[in-house]
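What follows is one structure encoded as structure tokens, with my remarks underneath.
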Amino acid sequence: SHIMSEYGRMTDTERDQIDQDAQIFMRTCADAIHQLRTEAHRDVQSAQVKEHRTAVLDFIEDYLKRVCKLYSEQRAIRVKRVIDKKRL
């Protein structure tokens, strides 16, 4: 229990690094989805294939947006806690 509490705590620096890495990763994913969307319709003859690819990319993009929203909510909670600590 004591060991877990020592190693279970993250420093603010570690949290900031995770935040920075998460933002870079989310931006990279959004760029990759955009690029896939551009490439998905090249040389496509079938309307059904085009529609399928569009639907799949819409699902992926929606999922990324939900993940980003969850991340933003969690980050807002962290920022609020930091502000509350400073006020005390």
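Structure data summary
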| read-out | value |
| --- | --- |
| Members of the range 32-48 that are within 14 Å of residue 64 (Cα to Cα) and among the small types (Gly, Ala, Ser) | 32 |
| Every pair of residues 6+ apart whose Cβ atoms lie under 9 Å, when the first sits in the range 65-81 and is within 14 Å of residue 22 (Cβ to Cβ) while the second is open to solvent by 70 Å² or more (accessible area, probe 1.4 Å) and in a helix (DSSP H, G or I) | 78/15 |
| Residue check for residue 77: open to solvent by 80 Å² or more (accessible area, probe 1.4 Å) and either of a type outside the set (S, T, N, Q) or assigned to a helix (DSSP H, G or I) (or both) | yes |
| Candidate set from the range 1-37 (those that are surrounded by fewer than 10 Cβ atoms within 10 Å (Cβ to Cβ) and hydroxyl-bearing (Ser, Thr, Tyr)); member that is modelled with the lowest pLDDT | 1 |
| Residues located in the range 41-64, provided they are under 26 Å from the mean Cα position of the chain (by Cα), over 26 Å from residue 22 (Cβ atoms) and part of a helix (DSSP H, G or I) | 51, 52, 53, 54, 55 |
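The values are calculated or read from the model by the stated rules, or taken from the named source; none is laboratory data. As the structure is a computational prediction, the values presented were derived from the model and not from experiment. Positions of Cβ are backbone-derived with ideal geometry, glycine not excepted, and every protein chain shown enters the neighbour counts. What goes into the accessible areas is simple: the full protein's heavy atoms, side chains included, and nothing from ligands, DNA or RNA. Shrake-Rupley method; radii C 1.70, N 1.55, O 1.52, S 1.80 Å.
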